[in-house]
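Here the structure is laid out as structure tokens; the discussion comes afterwards.
The values are calculated or read from the model by the stated rules, or taken from the named source; none is laboratory data. It should be emphasised that the depicted structure is a prediction, and the values quoted were computed from it without experimental measurement. When we count neighbours, we look across all protein chains shown, and the Cβ atoms used for this are built from the backbone with ideal geometry, even at glycine.
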Amino acid sequence: MGENKPVIEVRGLYKIFGPRVADAKKMADDRVPRPEILRKTGCTPAVVNAEFAIQRRETFVIMGLSGSGKSTLLRLLNRLIEPTYGEVLVDGEDISHQSVAALREIRRRKFSMVFQHFGLLPHRNVLENVGFGLEIQSVPPGDRREKSLEAIQVVGLDGYENSPVQALSGGMQQRVGLARALATNPEILLMDEAFSALDPLIRTQMQDELIELQARLHKTVIFITHDLDEALKLGDRIVIMKDGVIDQIDTPEGILTNPATDYVRTFVENVDRSKVLTAASIMHKTPVVATHKDGPHQAVRTMKQHNHSSLFVVDQDRQLLGLVRIDDAIREAKQESRSLDSILARDIPSVPITASLRDIIPVASGSSIPVPVVRQDGRFAGIVTRSALLSAMSAEGEES
């Protein structure tokens, strides 16, 4: 399968608990409230007509309050819960009608789960817990130990291999659960409120560690939470559910800046946008620049044309080299210099394209020039001006 093909596709997916599912489905499709459906049919529509595709290597967050259907939806993806209607395709293969044996093999090859309450075996030590999934897969003991030790190292538990799990803190126990999931090298990681039982500080640390792990391992992560801040921090895209229905699927910035329903709007109204909005959303993407081959005369001409007092300079690969100021360029031009090298200010603070407004503010406040924005590969992406930053911050103030 190519990188551009979804790893999971969900089409017209329903889960309805109760005796009269056809009647309940029709009422749900007609937007009849869930309590009325329950009263008239004895059925609870847990998931109603879910449609989405999850891309390979994406962190896809499903969130909602208790009873919204998010955990049911997660379990429909690997058929731990049987769908009532609809299709779930994994790498293009519909698992909705697979045999028990075929489904078991798909789960072993494709999926691992991390649970809220760890799900560890109290009579086994860390190494034995991490290797449990491999043991079920009948991996030979030597290979099992090697893969388990690798996973333990990945989650930062070196030295705890022989420790009893009951002697570990909550955060460390959750690392054991995560290592157990990673040991089988799954393509898809299902995480059901994995950090909800942890203290706030440990929870924040585990969120940061998951982001770091994802940057290194590039798994497809489907993460369940009831916490919007957690969803905004972790998700490439976020699903917000209410009463079994998906209200909105969007990026964190899309959820914040363009809530689709009043329900979503109530979720986001108290969010600190400065922690979520990024340089990508407020930067000027096509600033005027000088290139490595330009000399002082060309730089002066460009600055005068665009009424600039300074100019960022990039090389042939659009890597940011530095900045030249007009006074320096005029002086060099008078001296008939042909290069900008001698007047190039290279120690220019920049921010990554993923930087939050909160991270950009101290850089902008300490500089008299726009803040350059660079991509992960170092290429120049744009600039954040003070006016753009102030505008974004004032928009936050108007909404709060």
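Structure summary
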{"quantity": "Residue match in the stretch 259-273 (condition: touching a strand residue (DSSP E or B) at 6+ places or on another chain (Cβ under 6 Å), closer than 24 Å to T385 by Cβ and either at pLDDT below 95 or not assigned by TED's automatic domain parsing to the domain that holds I360 (or both))", "calculated": "no"}
{"quantity": "Checklist (1) in a helix (DSSP H, G or I); (2) surrounded by 15 or more Cβ atoms within 10 Å (Cβ to Cβ); (3) within 27 Å of the chain's Cα centre (by Cα) applied to Q153, failing item", "calculated": "(2)"}
{"quantity": "Matching entry among L77, L73, L127 (being in contact with an Asp or Glu (Cβ under 7 Å, 6 or more places away or on another chain), at pLDDT 95 or above and of a type in the set (A, V, I, L, M))", "calculated": "L127"}
{"quantity": "Long-range neighbours under 9 Å by Cβ, at least six apart or interchain, first residue closer than 25 Å to Q153 by Cβ and in the same structural domain as D192 (by TED's automatic domain parsing) within the stretch 216-229, second among the hydroxyl-bearing types (S, T, Y) and at pLDDT 95 or above", "calculated": "K219/T59; T220/T59; V221/T59; I222/T59; F223/T59"}
{"quantity": "Residues located in the stretch 62-102, provided they are assigned to a helix (DSSP H, G or I) and surrounded by fewer than 17 Cβ atoms within 10 Å (Cβ to Cβ)", "calculated": "V100, A101, A102"}
{"quantity": "Residue selected from the stretch 323-354 under the condition among the small types (G, A, S) and buried (at least 17 other Cβ atoms within 10 Å of the Cβ), by the criterion nearest to L234 (Cα to Cα)", "calculated": "S350"}
{"quantity": "Within the stretch 103-134, tally of residues that are under 15 Å from V154 (Cβ atoms) and either acidic (D, E) or surrounded by fewer than 22 Cβ atoms within 10 Å (Cβ to Cβ) (or both)", "calculated": "1"}
{"quantity": "Residues satisfying the stated conditions in the stretch 110-128, i.e. free of Cβ contacts under 8 Å to residues at least 24 places away in the same chain and either of a type in the set (D, E, K, R) or at positive phi (or both)", "calculated": "E128"}
{"quantity": "Which numbered condition L210 fails, given (1) buried (at least 19 other Cβ atoms within 10 Å of the Cβ); (2) under 30 Å from G12 (Cα atoms)", "calculated": "(2)"}
{"quantity": "The stretch 231-255, residues that are farther than 21 Å from Q214 by Cβ and of a type outside the set (V, I, T)", "calculated": "M241, K242, D243, G244, D247, Q248"}
{"quantity": "Filter result for the condition that a residue is free of Cβ contacts under 8 Å to residues at least 60 places away in the same chain and closer than 30 Å to K233 by Cβ, over V313, V271", "calculated": "V271"}
{"quantity": "Some residue of the stretch 19-33 being of a type in the set (D, E), under 24 Å from D227 (Cα atoms), at pLDDT 95 or above and not in a strand (DSSP E or B)", "calculated": "no"}
{"quantity": "Identity of the residue in the stretch 1-26, of a type in the set (A, V, I, L, M) and surrounded by 21 or more Cβ atoms within 10 Å (Cβ to Cβ), that ends up farthest from I188 (Cα to Cα)", "calculated": "A24"}
{"quantity": "Meets criteria (more than 30 Å from T257 (Cβ to Cβ) and outside the structural domain of K233 (by TED's automatic domain parsing)) for S342", "calculated": "yes"}
{"quantity": "Residue selected from the stretch 284-342 under the condition more than 29 Å from Q376 (Cα to Cα) and basic (K, R), by the criterion farthest from the chain's Cα centre (by Cα)", "calculated": "K334"}
{"quantity": "Identity of the residue in the stretch 7-32, free of Cβ contacts under 8 Å to residues at least 60 places away in the same chain and not hydrophobic (A, V, I, L, M, F, W, C), that ends up nearest to N78 (Cα to Cα)", "calculated": "G18"}
{"quantity": "Residues (under 23 Å from V88 (Cα atoms) and of a type in the set (D, E)) located in the stretch 31-55", "calculated": "E51"}
{"quantity": "Residue in the stretch 47-54 that is part of a strand (DSSP E or B), closer than 17 Å to M241 by Cβ and touching a Lys or Arg at 6+ places or on another chain (Cβ under 7 Å) present", "calculated": "yes"}
{"quantity": "Any chance A381 is under 16 Å from P287 (Cα atoms), part of a helix (DSSP H, G or I) and touching a residue at least 60 places away in the same chain (Cβ under 8 Å)", "calculated": "no"}
{"quantity": "Enumeration of residues in the stretch 285-305 that are in contact with a strand residue (DSSP E or B) (Cβ under 6 Å, 6 or more places away or on another chain), modelled with pLDDT under 90 and either assigned to a strand (DSSP E or B) or surrounded by fewer than 16 Cβ atoms within 10 Å (Cβ to Cβ) (or both)", "calculated": "K285"}
{"quantity": "Hits in the stretch 183-201 (condition: of a type outside the set (S, T, N, Q), modelled with pLDDT of 85 or more and out of contact with any strand residue (DSSP E or B) (no Cβ under 7 Å at 6 or more places or on another chain))", "calculated": "A183, F195, D199"}
